[in-house]
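One structure below.
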Amino acid sequence: MIQTQPTKPRPQAPVATMKAFVMLGLERTGFAEKPIPVAGPNDAIVKTTRALICTSDSHTVRGAIGPREGLTLGHEAVGIVHALGSEVRRFNVGDRVVVGAITPDWGSEEAQNGYPSQSGGALGGWKYANIKDGVFAQYFHVNEADANMARIPEGIADEQAVYCSDMMSTGFMAAEHGDIPIGGTVAIFAQGPVGLMATAGARLRGAGLIVAVETDPRRAQLAREYGANLVIDFRKEDPVARILAETGGAGVDAAIEALGADTSFEQCVAVTKPGGTISNVGYHGSGEFVSIPRVAWGVGMADKTIRTGLCPGGRLRMEHLLRVLEQGLVDPTKLTTHTFDFDEMPRAFEVMDKKLDGVLKPLIRFA
Ligand code: ZN
């Protein structure tokens, strides 16, 4: 006979909680109290020190990737290692680290096939504020910590390193995917934070002619500082006609779409020479289709490659970008137009969401 004993309620340790900034509902955000995350054997918990708000956080709150109610927002952050799983080998508690916005599952088929950002399916490496809580919290969780975070060198400030997680990684990827020949030509449509880092990336890649398309005077000025030879104001002239004229009618080796709009995408196809690459890095956040201009595309036979990609993550990628900072090759902190304390997050988010006051990137300071 089986004897059962009444189960006694066991006393439980109180769960430590933290403050997080979350999506409450469609176009609604606010603070919530959440448990401090716990590290599995291969994971880390990082105490956030600095974060950046991204336009894609606004897309999420507007419903671009479907309902994400209750999810902590944010994916660009640096911090201090607070806790480590038993299998993590490369880090110690107290290390200052940058974590990629994209944190792939490195054992996945996609990662092994060379596309870690797509691990587990399209965009699967994008976990923060997509399939798990993001980094706008006092602490955040890092999967596969040995592979997904990098120690920040002593001479690099948190305010600099935080740009590695997404803006530098994504912007530079746009130039890398464009496969710009040394001395070659590139046109970059839109000079928001990613477009500006694409311009800086094109300069690092040794482009001979960098044409930026941008109407905002402050962004146009930054484009020149990051390496653009020419900035075309699309409100004053037709960028396609001007880019073709500047290249003797040939078109550019690479056109980078850094806006996520139909018009700029079509213009990218139109200004790319046969054999060239349209490197898309823009987030096409609305509409059902993206259209390709048929004739400019050589009715599908002009050897124009459309290349897409999601921000590369991983320790090695972060280490490369940190080296760019260490060598002083690019100063991403010019993008920081505003600084807020974490308590001021609602205001910071509004400034970014409504693009108030000439905002590029709002930096968030954690206590
Ligand atoms: Zn971002």
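The values are calculated or read from the model by the stated rules, or taken from the named source; none is laboratory data. Fair warning: this is a prediction, and the values are worked out from it, not measured in the lab. Reconstructed Cβ throughout: ideal geometry from the backbone, glycine too, with neighbour counts over all protein chains shown. Side chains are part of the model used for accessible areas, which takes the heavy atoms of the whole protein and leaves out ligands, DNA and RNA. Shrake-Rupley method; radii C 1.70, N 1.55, O 1.52, S 1.80 Å.
All other residues with a Cβ under 13 Å from the Cβ of Phe342 taken together, and with Lys, Arg as +1 and Asp, Glu as -1, what is their net charge?
Result for the local shell: +2.
Restricted to Cα positions, what overall size does region 210-304 have along the principal axes? Three whole-Å values, descending.
37, 35, 22
Ranked by accessible surface with a 1.4 Å probe, highest first, in what order do Ser108, Ser286 come? Intermediate values should be presented prior to the final figure.
Details: Ser108 20, Ser286 100 Å².
Descending accessible area places them as Ser286, Ser108.
Between Thr215 and Leu316, what's the calculated FRET efficiency when r is the beta-carbon distance and R0 is 41 Å? Round to 0.05.
Efficiency, rounded to the nearest 0.05: 0.65.
If I take all pairs of Cα atoms in the chain, what percentage of them are more than 29 Å from each other?
42
Please find the FRET efficiency linking Glu33 to Ile292, where r is the Cβ-Cβ separation and R0 is fixed at 51 Å, and quote it to the nearest 0.05.
So the FRET efficiency works out to roughly 0.60.
Which whole-Hz couplings ³J(HN,Hα) result when phi for each residue of region 23-38 is put into the Karplus expression 6.51 cos²θ - 1.76 cosθ + 1.60, θ = phi - 60°, listed in order with x for Gly and Pro?
These are the phi-based 3J(HN,Hα) values: 7, 7, x, 4, 6, 10, 10, x, 7, 9, 9, 10, x, 5, x, 10 Hz.
Compute the FRET efficiency between Ala157 and Val299 as 1/(1 + (r/R0)^6), taking r as their Cβ-Cβ distance and R0 = 51 Å, and round to the nearest 0.05.
For Ala157 and Val299, the calculated efficiency is 0.50.
Based solely on its DSSP helices, what 222 nm [θ] is calculated for the chain when runs of n ≥ 4 H residues each add -39,500 (n - 2.57) and the sum is averaged over all residues, nearest 500 deg cm²/dmol?
-7000 deg cm²/dmol
On a full-extension model of 0.36 nm per residue, what is the gain between Ile182 and Asn113, subtracting their alpha-carbon distance, rounded to one decimal in nm? Walk me through the numbers on the way to the answer.
Numbers: separation 69, 0.36 × 69 = 24.84 nm, distance 2.81 nm.
Length gained, Ile182 through Asn113: 22.0 nm.
Scan around Asp166 for amide H atoms under 5 Å from its own, H built in the peptide plane at 1.01 Å from N, and keep only partners 5 or more places away or cross-chain.
Hits under the 5 Å cutoff: Ala101.
Helix 217-226 sits at what angle to the longest principal axis of the chain, using alpha carbons and giving 0 to 90 degrees rounded to 10?
90
Computing the accessible area with a 1.4 Å probe over protein heavy atoms, can you report the carbon and sulfur percentage for the chain?
51
Find the centroid of the Cα atoms in region 186-236 and in region 62-115, then give the distance between the two in whole Å.
30
Give a residue-ordered list of calculated ³J(HN,Hα) values for region 67-73 (Karplus: 6.51 cos²θ - 1.76 cosθ + 1.60, θ = phi - 60°; whole Hz; x for Gly, Pro).
For region 67-73, the Karplus-derived couplings read x, 9, 4, x, 6, 5, 7 Hz, x marking Gly and Pro.
Order 121-129, 47-55 from most to least packed using the mean count of other Cβ atoms within 10 Å. List each step's numbers first, then the result.
Details: 121-129: 20.8, 47-55: 23.9.
Top of the packing list down: 47-55, 121-129.
Using a 1.4 Å probe, what is the accessible area per residue for the chain, in Å²?
Counting only protein heavy atoms, the per-residue value for the chain is 45 Å².
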